[in-house]
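What follows is a single structure, written as C-alpha coordinates, with notes after it.
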Amino acid sequence: MDARLTLFVLREISKVLLLLAERAEYQISTGPEARQITGPATPLQIKNFTLSQHLQEIHARVTSIIARLPTVASDILSPALGTIYGVACDSVTPLFQAMLDHLESCISQIHDQNFGTLSMDAAMDNTPGFYLLLALSLQEQKLYAQGL
(Lines give C-alpha, C1' and ligand atoms only; values in the text may rest on other atoms or scores of the structure.)
Protein backbone atom coordinates (compact mmCIF):
# COMPACT_ATOMS: atom_id res chain seq x y z
CA MET A 1 0.00 0.00 0.00
CA ASP A 2 1.28 3.43 -0.94
CA ALA A 3 1.63 5.41 2.29
CA ARG A 4 1.02 8.79 0.66
CA LEU A 5 -2.11 7.57 -1.09
CA THR A 6 -3.37 6.02 2.15
CA LEU A 7 -2.88 9.30 4.02
CA PHE A 8 -4.61 11.24 1.26
CA VAL A 9 -7.61 8.90 1.24
CA LEU A 10 -7.87 8.92 5.05
CA ARG A 11 -7.81 12.73 5.12
CA GLU A 12 -10.55 12.86 2.49
CA ILE A 13 -12.65 10.38 4.47
CA SER A 14 -12.16 12.55 7.54
CA LYS A 15 -13.37 15.60 5.59
CA VAL A 16 -16.43 13.67 4.40
CA LEU A 17 -17.25 12.57 7.95
CA LEU A 18 -16.94 16.15 9.21
CA LEU A 19 -19.18 17.39 6.39
CA LEU A 20 -21.71 14.67 7.22
CA ALA A 21 -21.67 15.71 10.88
CA GLU A 22 -22.19 19.35 9.91
CA ARG A 23 -25.13 18.55 7.66
CA ALA A 24 -26.65 16.22 10.23
CA GLU A 25 -26.37 18.96 12.83
CA TYR A 26 -28.49 21.21 10.62
CA GLN A 27 -31.13 18.46 10.47
CA ILE A 28 -31.62 18.28 14.25
CA SER A 29 -35.10 19.43 15.18
CA THR A 30 -35.43 21.80 18.11
CA GLY A 31 -38.30 23.50 19.84
CA PRO A 32 -41.05 22.45 22.22
CA GLU A 33 -42.27 19.53 20.10
CA ALA A 34 -38.79 17.99 20.07
CA ARG A 35 -38.67 18.19 23.89
CA GLN A 36 -42.25 17.12 24.64
CA ILE A 37 -42.32 14.39 27.27
CA THR A 38 -46.04 13.64 27.50
CA GLY A 39 -47.93 11.53 25.05
CA PRO A 40 -46.49 9.49 22.21
CA ALA A 41 -43.27 10.41 20.45
CA THR A 42 -43.70 13.35 18.10
CA PRO A 43 -42.55 13.25 14.46
CA LEU A 44 -39.67 15.59 15.35
CA GLN A 45 -38.54 13.29 18.17
CA ILE A 46 -38.66 10.29 15.85
CA LYS A 47 -36.64 12.26 13.29
CA ASN A 48 -34.00 13.13 15.90
CA PHE A 49 -33.79 9.54 17.16
CA THR A 50 -33.50 8.21 13.61
CA LEU A 51 -30.75 10.72 12.87
CA SER A 52 -28.94 9.67 16.04
CA GLN A 53 -29.23 5.99 15.13
CA HIS A 54 -27.86 6.56 11.63
CA LEU A 55 -24.91 8.55 12.93
CA GLN A 56 -24.15 5.92 15.56
CA GLU A 57 -24.28 3.22 12.88
CA ILE A 58 -21.80 5.16 10.73
CA HIS A 59 -19.57 5.65 13.78
CA ALA A 60 -19.68 1.93 14.64
CA ARG A 61 -18.94 0.77 11.09
CA VAL A 62 -16.06 3.15 10.47
CA THR A 63 -14.63 2.32 13.90
CA SER A 64 -14.72 -1.42 13.10
CA ILE A 65 -12.94 -0.78 9.79
CA ILE A 66 -10.28 1.36 11.49
CA ALA A 67 -9.42 -1.56 13.77
CA ARG A 68 -8.04 -3.44 10.74
CA LEU A 69 -6.02 -0.51 9.41
CA PRO A 70 -2.68 0.93 10.53
CA THR A 71 -2.73 3.15 13.61
CA VAL A 72 -2.33 6.25 11.45
CA ALA A 73 -5.92 5.66 10.27
CA SER A 74 -7.15 5.95 13.83
CA ASP A 75 -5.09 9.09 14.37
CA ILE A 76 -6.57 10.77 11.30
CA LEU A 77 -10.20 9.62 11.62
CA SER A 78 -10.70 9.78 15.39
CA PRO A 79 -11.46 13.53 15.55
CA ALA A 80 -14.08 13.22 12.80
CA LEU A 81 -15.60 10.17 14.45
CA GLY A 82 -15.75 12.07 17.73
CA THR A 83 -17.66 14.83 15.96
CA ILE A 84 -20.09 12.31 14.44
CA TYR A 85 -20.70 10.80 17.87
CA GLY A 86 -21.17 14.23 19.43
CA VAL A 87 -23.82 15.21 16.89
CA ALA A 88 -25.57 11.87 17.43
CA CYS A 89 -25.76 12.63 21.15
CA ASP A 90 -26.76 16.26 20.60
CA SER A 91 -29.80 15.20 18.59
CA VAL A 92 -31.41 13.44 21.57
CA THR A 93 -29.96 15.39 24.49
CA PRO A 94 -32.75 18.02 24.69
CA LEU A 95 -35.44 15.34 25.04
CA PHE A 96 -33.56 13.47 27.74
CA GLN A 97 -32.79 16.73 29.54
CA ALA A 98 -36.53 17.57 29.51
CA MET A 99 -37.27 14.12 30.97
CA LEU A 100 -34.66 14.62 33.67
CA ASP A 101 -36.04 18.07 34.53
CA HIS A 102 -39.56 16.63 34.76
CA LEU A 103 -38.42 13.83 37.06
CA GLU A 104 -36.53 16.26 39.27
CA SER A 105 -39.68 18.36 39.52
CA CYS A 106 -41.74 15.30 40.51
CA ILE A 107 -39.20 14.28 43.13
CA SER A 108 -39.07 17.84 44.45
CA GLN A 109 -42.86 17.84 44.80
CA ILE A 110 -42.70 14.59 46.73
CA HIS A 111 -40.06 16.01 49.07
CA ASP A 112 -42.00 19.25 49.51
CA GLN A 113 -45.15 17.40 50.50
CA ASN A 114 -45.63 17.71 54.25
CA PHE A 115 -47.23 14.43 55.21
CA GLY A 116 -46.85 15.12 58.93
CA THR A 117 -49.53 17.84 59.02
CA LEU A 118 -52.20 15.79 57.29
CA SER A 119 -54.43 13.30 58.99
CA MET A 120 -53.75 9.68 58.11
CA ASP A 121 -56.72 9.51 55.72
CA ALA A 122 -55.80 12.76 53.96
CA ALA A 123 -52.18 11.66 53.62
CA MET A 124 -53.27 8.39 52.06
CA ASP A 125 -55.53 10.27 49.63
CA ASN A 126 -52.77 12.69 48.52
CA THR A 127 -49.78 10.33 48.46
CA PRO A 128 -50.62 8.23 45.40
CA GLY A 129 -50.92 11.25 43.13
CA PHE A 130 -47.28 12.26 43.39
CA TYR A 131 -45.93 8.73 43.43
CA LEU A 132 -48.16 7.74 40.54
CA LEU A 133 -46.93 10.73 38.55
CA LEU A 134 -43.33 9.71 39.20
CA ALA A 135 -44.05 6.08 38.27
CA LEU A 136 -45.77 7.15 35.06
CA SER A 137 -42.84 9.38 34.13
CA LEU A 138 -40.42 6.50 34.66
CA GLN A 139 -42.65 4.20 32.62
CA GLU A 140 -42.79 6.73 29.76
CA GLN A 141 -39.00 6.95 29.73
CA LYS A 142 -38.77 3.17 29.61
CA LEU A 143 -41.24 3.00 26.71
CA TYR A 144 -39.40 5.72 24.79
CA ALA A 145 -36.11 3.90 25.24
CA GLN A 146 -37.59 0.60 24.06
CA GLY A 147 -39.65 1.99 21.21
CA LEU A 148 -37.19 4.38 19.64
A careful count of residues in region 81-112 that are in the same structural domain as Thr63 (by TED's automatic domain parsing), more than 10 Å from the chain's Cα centre (by Cα) and aliphatic (A, V, I, L, M) gives 2
Over region 28-59, the set of residues within 15 Å of Thr83 (Cβ to Cβ) and assigned to a helix (DSSP H, G or I) is Leu51, Ser52, His54, Leu55, Gln56, Ile58, His59
Matching residues in region 60-114 (more than 18 Å from Ala21 (Cα to Cα) and of a type in the set (A, V, I, L, M, F, W, C)) number 15
Expected single match for in contact with a helix residue (DSSP H, G or I) (Cβ under 6 Å, 6 or more places away or on another chain), without any contact (Cβ under 8 Å) to a residue 12 or more places away in the chain and assigned to a helix (DSSP H, G or I) among Ser64, Ser74 is Ser74
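The values are calculated or read from the model by the stated rules, or taken from the named source; none is laboratory data. Not measured: the values here are computed from a predicted model. Every residue, glycine among them, receives a Cβ derived from its backbone with ideal geometry; neighbour counts consider all protein chains shown.
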